[in-house]
Amino acid sequence: MSAQIVSVDCPAKTNLTLHVGERHEAWGGRHALDTMYCAVGVYDTVTLEQRADGTGCSLEISGQYLGDLAASSSDMLRNHAMLALFAMAQACGREPDVAVTIEKNIPVGAGLGGGSADAAGTLLGLNALWDLHWPLERLAPIAATLGADMPFCLVGGYAHGSGYGEIVASVAADDPRIAALRADGYDGRVLVGAYRAQLSTPEVYAAFDVLGGDGSPNDLQAAAVSLHPRSGVAIELATAAGATRAFVSGSGPSVCAFVPDDAAARAVERAWLDAQAVDRLFVAQAPVAPIVHALEHRPDGGANGPAASA
C-alpha cells in the first residue's frame, strides 16, 4: 500500500482479567501483570499525511472531553502518537515529516488505552504510508518501548499479556480461555460508561499497594473505586439491571458492562443515565481490530481542533 494519506481507526482496550504481581526494579518499579486484553469498538481515528522533506511534523487533535490533552509546541512532543512517529522514523531511518491528525472518541485518562491506541494507530499508519510492509512482529518491539499495552493495540482482538503487560500473545476467539470467559459472562455487546474525571495510573497503583484487590477479576478495581466512587455505583447498577459482567476497565475510572440482549442493554443504559452514574455512554462490539485505510486525499475539512507543529 502506498499513499500520501493513511487513516487508521484505533479501538479502545479493556482488561477482562487483570492480576497484579510484585514490583520489579528492573522494570522501573512496574508491577508484574497477567491480563487478558480485549479490544472494544470505541475508536480514535489517526490520520497521517506525508509532508515535504524538511518541513517537520505537526499535530492536530479534535474531539469532546479532551481532558488534559494539549497541542502546544512543547506538549505535542509528549503525545503518544508523536512519540510513535519519532520512534518509527528512527527505526526505519526516515525523517518524521508527517502531519498527524487525531479525532478523539476514546475518553482520556479512562483506563481504555486511548493514548496507546493512538500510538499503535500511528505505527500501523506509518507502516502503510512509508510502504514498509513490516510484519507485526517487527512493529511490536517498537510499540513496547512506548508503553505496556501498546503491542496489544497493534493487533486488537483478544490477547494474553504478561511481563509488565508488554509481552503480548494473541488469543483466538475459539481458544478455551475465551470460551471460559464467555461462559462467565464476558460475552455479547459492551456498554462503556466514561467520565469527565480522569485517574492517573500511578495514583491507582499507589492505592493498590495500600488496599490490595477485592477479589474481583481486576485487581485494580478496589483502588480505582476508592479514588472514583461513581465507578462502583455504575458497577452495582449495571449488575442489578441485567449485565452479565460489570467492571472497572484497567486502571479506571471507566466501567464496562457486558449485556446479553437488547433488553439488558436498555436497562443498563437507563439505570446509568437516571442515576447520573456515568457522564458518557457508548454501546460497542467486542472484540474488534484496528482498521487501516489508504486515502487519495485529505478527508473533507480534515480534523478541527488545537494544532501544533515542530
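Please tell me the relative contact order of the chain in percent, rounded to the nearest whole number, where contacts are Cα pairs under 8 Å and at least six residues apart.
28 percent
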Next item on the list: With the full set of protein chains in place, find how many percent of the accessible area of the chain is carbon and sulfur; take the probe as 1.4 Å.
Entry: 51 percent
Notebook entry, point to check: If the chain between Trp27 and Leu273 were fully stretched, how many nm would it gain, using 0.36 nm times the residue separation less the Cα-Cα distance?
Noted result: 84.5 nm
Item checked: Ranked packing of 214-224, 147-157, most packed first, by mean Cβ within 10 Å -> 147-157, 214-224
Notebook entry, point to check: Among Tyr158, Tyr37, Tyr186, whose mean-square fluctuation peaks in a Gaussian network model of the chain (Cα, cutoff 10 Å)?
Noted result: Tyr186
Next item on the list: Give a residue-ordered list of calculated ³J(HN,Hα) values for segment 101-111 (Karplus: 6.51 cos²θ - 1.76 cosθ + 1.60, θ = phi - 60°; whole Hz; x for Gly, Pro).
Entry: 10, 10, 9, 8, 10, 5, x, 8, x, 10, x
Note to self: If you average the C-alpha positions of segment 114-181 and of segment 216-259 separately, how far apart do those two centres end up, in angstrom?
What the structure shows: 25 Å
Check: If amide H atoms are built 1.01 Å from N in the plane of the peptide, which residues on other chains or at least 5 residues away come under 5 Å of the amide H of Arg245?
Finding: Phe258
Notebook entry, point to check: Measuring from label point to label point, each 7 Å out along Cα→Cβ, what is the Glu137 to Thr55 span in nm?
Noted result: 3.8 nm
Check: Between Asp184 and Arg280, what is the FRET efficiency for a Förster distance of 22 Å, r being their Cβ-Cβ separation, to the nearest 0.05?
Finding: 0.25
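So what is the calculated 222 nm ellipticity per residue for the chain, using -39500 (n - 2.57) for each DSSP H run with n of 4 or more, over all residues, to the nearest 500 deg cm²/dmol?
For the chain, the value works out to -9000 deg cm²/dmol.
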Margin query: Per residue, how much accessible surface does the chain expose to a 1.4 Å probe? Answer in Å², no decimals.
Written below: 42 Å²
Next item on the list: Please identify which residues in segment 122-138 have an amide N closer than 17 Å to a label point set 7 Å out from the Cα of Phe86, following the Cα→Cβ vector.
Entry: 122-123
Next item on the list: For segment 163-179, just list the computed ³J(HN,Hα) in residue order, Karplus coefficients 6.51, -1.76 and 1.60, θ = phi - 60°, integers in Hz, with x standing in for Gly and Pro.
Entry: x, 9, x, 8, 8, 10, 10, 4, 10, 5, 4, 9, 5, x, 5, 6, 4
Note to self: So if I place +1 on the C-beta of Lys and Arg and -1 on the C-beta of Asp and Glu, and nothing else carries charge, what would the dipole magnitude of the chain be about its Cα centre? I want it in debye, nearest 20.
What the structure shows: 240 debye
Check: Using a Förster distance of 22 Å, how high is the FRET efficiency between Asp174 and Asp262, based on the Cβ-Cβ distance and rounded to 0.05?
Finding: 0.30
Check: Over the heavy atoms of Glu103, what accessible area does a 1.4 Å probe trace out, to the nearest 10 Å²?
Finding: 90 Å²
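The values are calculated or read from the model by the stated rules, or taken from the named source; none is laboratory data. The structure displayed is predicted, hence computed values, not measured ones. Ideal geometry is used to build each Cβ from the backbone, glycine not excepted, and the neighbour counts take in all protein chains shown. Protein only, heavy atoms only, side chains kept; ligands, DNA and RNA dropped before computing areas. Shrake-Rupley method; radii C 1.70, N 1.55, O 1.52, S 1.80 Å.
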